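Trainee: Pasting a structure below so you can have a look.
Every number here is computed from the coordinates shown, using simple stated rules; none is lab data. In this text, all values refer to a predicted model and were calculated from it rather than measured experimentally. Virtual Cβ from ideal backbone geometry, glycine too; neighbours counted across all protein chains shown.
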Amino acid sequence: MSPPNSAERPAVGRGETVAADAPVRLSEAGGAGLGSRSSVATASPAVHTVALHKRFGNTIAVKSLSMTVERGEVFGFLGPNGAGKTTVVKLLLGLSRPSGGEALVLGAPLGDLETRRQIGYLPELFRFQPLLTAREVIRLHCRLLGRPKTAWTQDANEALHTVGLLERADDRVGTFSKGMQQRLGLGVALLGTPALVVLDEPTSALDPVGRHDVREIIRNLRERGSTVFLNTHLLEEAQHVCDRVAVIDKGTAIATGSLGELLGHHSRVRLKVEGLGPNWWSGLGRFGRWHREDEWTIVEDIDPKRVADLVGELVRLGGRVEAVVPEQQSLEARFLELLSER
Ligand SMILES: Nc1ncnc2c1ncn2[C@@H]1O[C@H](COP(=O)(O)OP(=O)(O)O)[C@@H](O)[C@H]1O
Ligand SMILES: [Mg+2]
């Protein structure tokens, strides 16, 4: 687990507030025809925030958030509902202005229009025009994105294929299930090979097959070198696809690191031992905290390297060790522990 990064302070971006209720390549919100200003330094992190702050009246939605997302990683922004995930994304995309603090996205200040061309965004809540077909939605976004017209057909086929909607390409969005609309939104977000893909709860409307497919898409994005910023309240999702996560609660990051680091040294072991007298474990406190679950004895917070010593000790005391099951603390347990530590 590493402390929040607090390196040099970037300039603050103050983009205009833009309503977003459909998945867009953000260049659309900025409008086409911008100059080809190359303000983006590829060596910079994908996202870097310093003491980012957002207040809505008396509600502090984002509180002094400092974090860095490196290029090419799948970064999980993990926290319970209301933690501030969507608000942070809107700040990063220039859809809402911070009350304080600073941030750079792809090396540019918040709200930089040229940078928006390189960002694909799947909002948490969106609706497409129900009378359009899936193909028409994609072609519309190709146009908004400024893709050459000759590329639209291939772009649409590729996008619809990637999200598993090719067979329904010519059906109207109004006839789609929520999960299918979510897939279409994802297809739109991937148009034009964006450097940064921001997905806000991308699988919340999906069934297990859909969730699996989205994870595959995310892994493919990583393989082609895109950075993925994934908002999720689903631990399982983070566990499956993220290289690193920030656990966010009440608007601030309470832990940052790889899942391995977050779970780190919190392993435990489950033992089944026969043939020992009552209270036999009372002298073994040095190995960790103990409790019983039916016929099992659980040792919490034990250093994995000491399990062999513990078993040796039990045998020396005359015990018959029938099972030793090392367990890593579940992410869920660790997550709850992190939240309760505050
Ligand atoms: N436009 C808004 N006006 C007032 N409060 C808001 C607004 N957007 C978000 N909030 C509040 O900010 C907090 C964080 O919300 P949000 O970012 O949506 O959380 P998450 O995406 O993690 O579920 C919540 O308390 C929410 O009610
Ligand atoms: Mg949200």
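Trainee: May I ask for the angle, rounded to the nearest 10°, between helix 134-145 and the longest principal axis of the chain, with both axes built from Cα atoms and the value confined to 0 to 90°?
Mentor: Between helix and principal axis, roughly 70 degrees.
Trainee: 5 Å is the cut-off here: which amide hydrogens, built 1.01 Å from N in the peptide plane, fall below it relative to residue 255, excluding neighbours closer than 5 in sequence?
Mentor: Those lying under 5 Å, H to H, from residue 255 are 247.
Trainee: While we're looking at this one, here's another question. Residue 129 to residue 272: extension gain in nm, 0.36 nm per residue of separation minus the Cα-Cα distance?
Mentor: Stretched out fully, the residue 129 to residue 272 stretch lengthens by 45.5 nm.
Trainee: For the chain, how many pairs of lysine residues have a Cα-Cα distance under 18 Å, where the two are 8 or more positions apart or belong to different chains?
Mentor: 9
Trainee: 222 nm [θ] for the chain, helices only, -39500 (n - 2.57) per DSSP H run of 4+, per residue, to 500?
Mentor: The helix contribution divided over the chain gives -8500 deg cm²/dmol.
Trainee: For the stretch 264-340, what is the convex hull (Cα atoms) projected area averaged across all directions, in square nanometres?
Mentor: Across all orientations, the stretch 264-340 yields a mean hull projection of 5.4 nm².
Trainee: Relative contact order of the stretch 193-317, please, whole-number percent, based on alpha carbon pairs below 8 angstrom and at least 6 residues apart.
Mentor: So the answer I get is 17 percent.
Trainee: Please list the non-local residues whose amide H lies under 5 Å from the amide H of residue 197, H modeled 1.01 Å from N, same-chain partners needing a gap of 5 or more.
Mentor: 120, 227, 228, 229
Trainee: Please work out how much length the chain gains when fully extended from residue 149 to residue 293, using 0.36 nm per residue of separation minus the C-alpha to C-alpha distance, in nm with one decimal.
Mentor: 45.3 nm
Trainee: Compute the helix-to-body angle for 331-340: its Cα long axis versus the longest principal axis of the chain, expressed 0 to 90° and rounded to tens.
Mentor: 90
Trainee: Okay, moving on. Taking other Cβ within 10 Å of each residue's Cβ, how do 168, 219, 116 sort, fewest first?
Mentor: 219, 168, 116
Trainee: To the nearest 0.05, what FRET efficiency results for residue 157 and residue 340 with a Förster distance of 41 Å applied to their C-beta separation?
Mentor: That pair, residue 157 with residue 340, gives E of 0.25.
Trainee: So, by mean Cβ neighbours within 10 angstrom, what's the order for 193-200, 151-158 with the highest one leading?
Mentor: 193-200, 151-158
Trainee: Give me 126, 229 sorted ascending by neighbouring Cβ count inside 10 Å, so fewest comes first.
Mentor: Listing 126, 229 from fewest to most nearby Cβ atoms yields 126, 229.
Trainee: Multiply the residue separation of residue 64 and residue 207 by 0.36 nm, subtract the distance between their alpha-carbon atoms, and state the gained length in nm to one decimal.
Mentor: 47.9 nm
Trainee: Hey, can you grab everything whose amide H is under 5 Å from the amide H of residue 100? Only 5+ residues off in sequence or another chain; H modelled, so Pro and N-termini drop out.
Mentor: Result for residue 100 returns 53.
Trainee: Right, something else. Rg to Rh ratio, the chain, alpha-carbon atoms and Kirkwood radius?
Mentor: 1.09
Trainee: Something else: Could you state the number of Å between the C-alpha centres of the stretch 68-132 and the stretch 161-231?
Mentor: So the two Cα centres are separated by 16 Å.
Trainee: Also, quick follow-up: Can you give me the angle between helix 208-223 and the longest principal axis of the chain, using Cα atoms only, in degrees from 0 to 90, rounded to the nearest 10?
Mentor: 80
Trainee: Picking from 259, 196, 279, whose Cα lies most toward the positive end of the charge dipole for the stretch 194-320 (charges on Cβ: Lys, Arg +1; Asp, Glu -1)?
Mentor: So the residue we want is 279.
Trainee: What ³J(HN,Hα) values, in whole Hz, does the Karplus curve 6.51 cos²θ - 1.76 cosθ + 1.60 give for the stretch 291-305 when θ = phi - 60°, with x put for Gly and Pro?
Mentor: With the stated coefficients, the stretch 291-305 comes to 8, 9, 9, 6, 7, 9, 10, 10, 10, 8, 6, 8, 5, x, 5 Hz.
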